[in-house]
1. Could you go through the stretch 101-115 and let me know if any residue there is modelled with pLDDT of 95 or more and touching a strand residue (DSSP E or B) at 6+ places or on another chain (Cβ under 7 Å).
2. Considering only the stretch 86-142, how many residues are assigned to a helix (DSSP H, G or I), in contact (Cβ under 8 Å) with a residue 60 or more places away in the chain and in contact with a helix residue (DSSP H, G or I) (Cβ under 8 Å, 6 or more places away or on another chain)?
3. Only residues that are exposed (fewer than 15 other Cβ atoms within 10 Å of the Cβ) and at pLDDT 90 or above: list them for the stretch 62-84, please.
4. Could you look through the stretch 143-167, keep only residues that are in contact with a strand residue (DSSP E or B) (Cβ under 8 Å, 6 or more places away or on another chain) and either in a helix (DSSP H, G or I) or assigned by TED's automatic domain parsing to the domain that holds residue 50 (or both), and pick out the one that is surrounded by the fewest Cβ atoms within 10 Å (Cβ to Cβ)?
5. Quick one: is residue 55 touching a helix residue (DSSP H, G or I) at 6+ places or on another chain (Cβ under 9 Å), buried (at least 20 other Cβ atoms within 10 Å of the Cβ), closer than 24 Å to residue 153 by Cβ and at pLDDT 95 or above?
């Protein structure tokens, strides 16, 4: 996965929980010194997942709580510094979520080796969207956290339900 994800995780843990918790999570993951991570370079998926699991242990939170915290941080803090242009001229959570697949394509097209998740969309009714997650990484809980973060950003009370390992139901207000 791209380093930008690991960098956002690092910033979130340091800012919200403290530098000591980040260092403890790295140590628990078997990483003795903090690695240099560049946003567009690849970071081994298993290394990032090991760090995520260590963060959960150090903070005494579940993976779902970590995914929700990351989604909130990514959308409402981190991406506002790096990807603000994707939010311009978008007025609702629905509009943004329907752009997420194309945003992933655009933001990674110049990154060699990028394999971002892809998303499909199916309307159940006028207020209910089934968003399909297509990735071999199995990080749908992080997708749920990101969707919740988008709802918070647009100040909309979205009802977000994981339907399985590849689908999320979103009910818009």
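1. no
2. Qualifying residue count, the stretch 86-142: 4.
3. 62, 64, 65, 76, 80, 81, listed by residue number.
4. It comes out as 148.
5. For residue 55, the condition - touching a helix residue (DSSP H, G or I) at 6+ places or on another chain (Cβ under 9 Å), buried (at least 20 other Cβ atoms within 10 Å of the Cβ), closer than 24 Å to residue 153 by Cβ and at pLDDT 95 or above - is met.
Rundown of residues vs (1) under 24 Å from residue 160 (Cα atoms); (2) assigned by TED's automatic domain parsing to the domain that holds residue 136; (3) surrounded by fewer than 16 Cβ atoms within 10 Å (Cβ to Cβ), yes/no style:
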site	(1), (2), (3)
15	no, no, yes
19	no, no, yes
33	no, no, yes
44	no, no, yes
98	yes, yes, yes
103	yes, yes, no
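The values are calculated or read from the model by the stated rules, or taken from the named source; none is laboratory data. Fair warning: this is a prediction, and the values are worked out from it, not measured in the lab. Because the Cβ atoms are built from the backbone with ideal geometry, glycine has one as well, and the counts that use them run over all protein chains shown.
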